[in-house]
Amino acid sequence: MAFTAASSAPSPLYVVYQELWSFSAVTLTVVFAVYVVGLIGALLVLGALSDHVGRRPVLAAAIALEAVVLVLFLAAGDVGVLLAARFLQGIATGAALTTLGATLVDLNPAHAPGRAGLINSIVPPAGLALGSLGTGALVQYAPGPTHLVYALLLAGMAMAAGVVLLMPETAARRPGGVRSLLPRLGVPARLRADVFALVPIIVASWALGGLYLSLGPSVAAGVFGLASHLVGGLVVTLLCGTGAVTAFALRGRPTRWVLTIAGILLTAGTAVALLAVQTGSVGLAAAGTVLAGVGFGASALASFSTLAVLAAPAERGELMAVALTVAYLAFSLPAVVAGFAARSFGLHATALVYGLVVVALGATALVAQRSRRA
């Protein structure tokens, strides 16, 4: 929760940073992309490390690096420091998320085999929602808009360090730790059909999330005229918060059914949001975002629950790294392209085209799941 909240906290602040330092939408998406470059690099290099050296050392190092990042955010006075902080934050978050995912599976009780997948699907979107909404509220109503949130997150990291000190080690040390640092992504042959069938829904849901976290507040201000920083945070929260609630609400449903719901509502919700952008209707935009948020949460629940059940203990860190790499590539690359497109074609046209791509991906996910079942 602390890591994902910290990762979304800068989203409502991007507009503030733009006003302070006078940079363009292209620079904004570069700041966003630098974070994902660091994160994907960490997933590729560090994804399997905890399978060899243990979960606690990797988590402790990630927390220490995140604390350094938050100090950089507190001291930031220009775009250069902001870029450095976001890049290092990506590394810390990538190392933490893949290790935490594997740790939760290690700790999963035998009587509830789906619990780790449930928590892996609820906590990330809940953290994204909390970080974005909390930051938006603090920027709008509290003093020190570019400092207070990072001080609070630094206190959260101190609490996380205490948890890691007290938790049991769940992975036995085994040789090959240095060799595991060689960047590689692999899915065992016996799991490939199941994992590849999940790729379209992962890409569709995280591509939509990338749009909301990178340009969502700017679209709210530029297209709908909603300049409040709290509303900017609420844009992300409507998608991610709804996703977290959905993942919990659907936890007992069959995975196949949840995947179908995910594909249908991602597609339908994005289509409704597109109609809202075209008509300028704020209410329609909120309704479409909530519908897409249900699809987002259902996708996360079904995807991570499937991976948690499929992977053997020695495969968990690497398989989580594969899934998260696919997710964050989908999360970042389209958003960066959208940032450049917005400069040339405007936010309105960019949001429409981006949404149409997500609709097509959602339809592809439905076809992929039907084909896999067949």
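The values are calculated or read from the model by the stated rules, or taken from the named source; none is laboratory data. What you see is a predicted model, and the numbers here were worked out from it, not measured in a lab. Heads up, the Cβs are rebuilt from the backbone with ideal geometry, glycines too, and the neighbour counts pull from every protein chain shown. The accessibility values were calculated without ligands, DNA or RNA, using every heavy atom of the protein model including side chains. Shrake-Rupley method; radii C 1.70, N 1.55, O 1.52, S 1.80 Å.
All told, residue 356 meets the bar of being surrounded by fewer than 21 Cβ atoms within 10 Å (Cβ to Cβ) and part of a helix (DSSP H, G or I).
All conditions in (1) more than 20 Å from the chain's Cα centre (by Cα); (2) surrounded by 24 or more Cβ atoms within 10 Å (Cβ to Cβ) hold for residue 278, with the sole exception of (2).
In segment 33-47, the residue that is surrounded by the fewest Cβ atoms within 10 Å (Cβ to Cβ) out of those that are in contact with a Phe, Trp or Tyr (Cβ under 8 Å, 6 or more places away or on another chain) and either of a type in the set (A, V, I, L, M, F, W, C) or more than 14 Å from residue 85 (Cα to Cα) (or both) is 37.
Does segment 214-232 hold any residues that are open to solvent by less than 30 Å² (accessible area, probe 1.4 Å) and modelled with pLDDT of 75 or more, and which are they? Listed by number, the residues that qualify are 219, 220.
Of the helices (runs of 4 or more DSSP H) lying entirely inside segment 1-93, those containing at least 2 residues that are on the phi < 0 side of the Ramachandran plot and over 22 Å from the mean Cα position of the chain (by Cα) are 14-21, 50-53, 55-75. Mind checking which pairs have a first residue in segment 265-278 that is without any contact (Cβ under 8 Å) to a residue 40 or more places away in the chain and a second that is of a type in the set (S, T, N, Q), Cβ under 8 Å, 6 or more apart or different chains? Filtered contacts from segment 265-278: 269/289; 275/281. Condition test on residue 50, is it of a type in the set (S, T, N, Q), crowded, with 18+ Cβ neighbours inside 10 Å and at pLDDT 85 or above? No. Scoring residue 152 on the criteria (1) touching a helix residue (DSSP H, G or I) at 6+ places or on another chain (Cβ under 6 Å); (2) at pLDDT 85 or above; (3) open to solvent by 70 Å² or more (accessible area, probe 1.4 Å); (4) closer than 26 Å to residue 16 by Cα leaves a single failure, condition (1).
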